[in-house]
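The structure appears below as structure tokens.
Every number here is computed from the coordinates shown, using simple stated rules; none is lab data. Remember, predicted model here, so these are calculated numbers, not experimental data. Backbone-built Cβ (ideal geometry, glycine too); neighbour counts: all protein chains shown.
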């Protein structure tokens with residue numbers, strides 16, 4: 001299933017409706033093609049072909065080749081650096097929390113790998129934090145969305161805590177950032 005976490009909340013209904021239309025249209029087309037193939041080649045050939053297609057799809061999904069999510073609103077699959085030139089990555093921070101420097105360094109390394117320009121924006125007042133939906137320093141926005149937000153984080157000038165494979169930390173790992181950028 002496509003990843004809908006990159007779709008703005010106000011557009012999710014439309015995204016799910018489009019997904020449903022495409023899913024059902026593909027089912028109808030496959031039924032028609034299956035009937036034509038059964039008439040031309042026989043039913044056994046249709047089952048063999050269907051099984052081979054299922055195995056191929058499973059192999060692609062298992063290898064990670066099917067993990068390229070559609071870029072938010074642009075309809076372009078983001079598979080590697082050459083496709084990510086239009087990705088907007090913003091680091092929101094405030095000076096009272098030193099963890100933003102680690103994220104800044106990690107994102108700078110990933111910018112070369114993924115081919116994006118990093119924007120840094122300092123949040124200075126509680127009013128700015130409220131207006132930005134700033135969930136603590138550091139906050140990473142990918143195309144305007146916070147890939148690490150689960151909705152329970154408080155908004156304000158505070159140091160943010162991330163769940164990492166090693167436990168809680170003040171910054172996401174390089175691998176977590178890499179996954180968020182895919």
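Computed FRET efficiency, Cβ-Cβ of residue 169 and residue 40, R0 41 Å: what is it to the nearest 0.05? Please list the in-between numbers first.
Values: r = 60 Å, r/R0 = 1.46.
The calculated FRET efficiency here is 0.10.
What share of the DSSP beta bridges in region 81-181 is antiparallel, in percent to the nearest 5? Walk me through the intermediate numbers first.
Details: 8 of 15 bridges.
So the antiparallel bridges amount to about 55 percent of the total.
Which of rounded, prolate or oblate describes region 9-63 when judged by the alpha-carbon gyration tensor and an a/c cut-off of 1.5?
Taking the square roots of the gyration eigenvalues as a ≥ b ≥ c, region 9-63 is oblate.
What order do you get for 157-166, 91-100 when each peptide is scored by the mean count of other beta carbon atoms within 10 Å, highest first?
On the way: 157-166: 14.7, 91-100: 18.6.
Put in order of decreasing packing, that is 91-100, 157-166.
Sort 103-115, 20-32, 44-56 by packing, meaning the average of other beta carbons within 10 Å per residue, with the highest value first.
103-115, 44-56, 20-32
Could you please state, rounded to a whole Å, how far the C-alpha centre of region 28-64 is from the C-alpha centre of region 122-147?
48 Å
In nm, what is the difference between 0.36 nm times the number of residues separating residue 30 and residue 121 and their Cα-Cα distance? Present the calculation step by step, with values, prior to reporting the outcome.
Working: separation 91, 0.36 × 91 = 32.76 nm, distance 4.94 nm.
Result: 27.8 nm gained on full extension.
Going by average Cβ density within 10 Å per residue, which order do the peptides 127-137, 145-155 take, highest to lowest?
Going from most to least packed, we get 127-137, 145-155.
Can you pull the one-decimal nm distance between simple spin-label points at residue 48 and residue 62, each 7 Å off the Cα toward Cβ?
Placing both labels 7 Å beyond Cα along the Cβ direction yields 2.2 nm.
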